[in-house]
Amino acid sequence: AWADGFEDGSCREEVEQNDFESFFEEEAVYDPLEPMNRVFFEFNDKLYFWLLKPVNRVYTAVLPQDVRKGVGNFFSNLAAPIRVVNNVLQGKVSDAGTDLARFLVNSTLGFLGFGDPALQAFGLEARSEDFGQTLGVWGVGEGPYLCLPVLGSLTLRDTVGFAGDVALHPATYILTDFPEQTGYYGTGKVNQLSLRPNLYEDMKKYSLDPYISVRQVYLELRRNKVLDHDINDDPY
């Protein structure tokens, strides 16, 4: 029956229509700077294995997992203004109120954000939004894919969004010296890595081309976040 369907054209029409719809549902990958991006990808790869991974081993050995989770809660809580403002900019006033309530509860009952009683006691889940997502919701296109030194995967839209988020982050104004800001953001990234230590290696192990895999994961994640799809929000 399947073969007959293709002979009379009915199944072929259905498959072609599905392909047509899926083609326009997903944005194509726009990577005109791929040769440069691959150079920076290799730089970030070496930075990970030569610096971040050894530092992470020491960091993990010194701090127990519960402490590292508390540190992660602190960094997330301090970044609450980014989520609150971007929820408002996207018209999600209720979600903005939820994140504001989380910030107030965790900053007080949660000992400056190291605990998360807002979730554990009150069931208030974070409503993660950033300025890159906001630009996407406003209809701004992704622009070319970028892989930048240290920062890693971005699009041109997310690069502008990253700058906007930095402007909203309290640490930008609390920590005025470059070494202090570098230490703050570096600790945040190392702590994040310590909670998911083997994710990057596992991805590389099963990828024929890690650059393509990272690019695909990043673009799919960002597109789904703009569309508010229910996704796994763990950063690769």
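The values are calculated or read from the model by the stated rules, or taken from the named source; none is laboratory data. Bear in mind that the values here come from a model prediction, so they are computed numbers and not experimental data. For neighbour counting, all protein chains shown are included, and Cβ atoms are generated from backbone atoms with ideal geometry for every residue, glycine included. When the accessible area is computed, the model is the full protein with side chains, heavy atoms only, and any ligands, DNA or RNA have been set aside. Shrake-Rupley method; radii C 1.70, N 1.55, O 1.52, S 1.80 Å.
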**Report entry** Tail weight of P(r) past 26 Å, computed on alpha-carbon pairs of the chain, percent
**Finding:** 49
Requested in this report: Starting with the highest mean, order 202-212, 63-73, 149-159 by the number of other Cβ atoms within 10 Å, averaged over the residues of each peptide.
Outcome: 149-159, 63-73, 202-212
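Between Ser107 and Ala167, what FRET efficiency comes out of the Förster formula 1/(1 + (r/R0)^6) with R0 = 22 Å and r the beta carbon distance, rounded to 0.05?
Using R0 = 22 Å, I get an efficiency of 0.55.
Which value, in debye to the nearest 20, describes the size of the charge dipole of the chain about its Cα centre when Lys and Arg Cβ atoms bear +1, Asp and Glu Cβ atoms bear -1, and nothing else is charged? Let's see the in-between values first.
Working: 20 positive and 35 negative charges, 345 e Å.
Rounded to the nearest 20 debye, it is 1660 debye.
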Query raised in the report: So what's the angle, to the nearest 10 degrees on a 0 to 90 scale, between helix 93-108 and the longest Cα principal axis of the chain?
Result: 30
Requested in this report: Sequence neighbours fewer than 8 away in the same chain don't count; with that in mind, list the lysines whose C-alpha is under 22 Å from Lys92.
Outcome: Lys225
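Using the Kirkwood formula over every pair of different C-alpha atoms, what hydrodynamic radius in Å results for the range 103-206? Show your work: numbers first, answer last.
On the way: mean 1/r = 0.0607 Å⁻¹.
Value: 16.5 Å, from the Cα pair sum.
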Query raised in the report: Counting only protein heavy atoms, what percent of the accessible surface of the chain is carbon or sulfur at a 1.4 Å probe?
Result: 64
Requested in this report: Provide the per residue accessible area, probe 1.4 Å, for the range 58-136, rounded to a whole number of square angstrom.
Outcome: 50
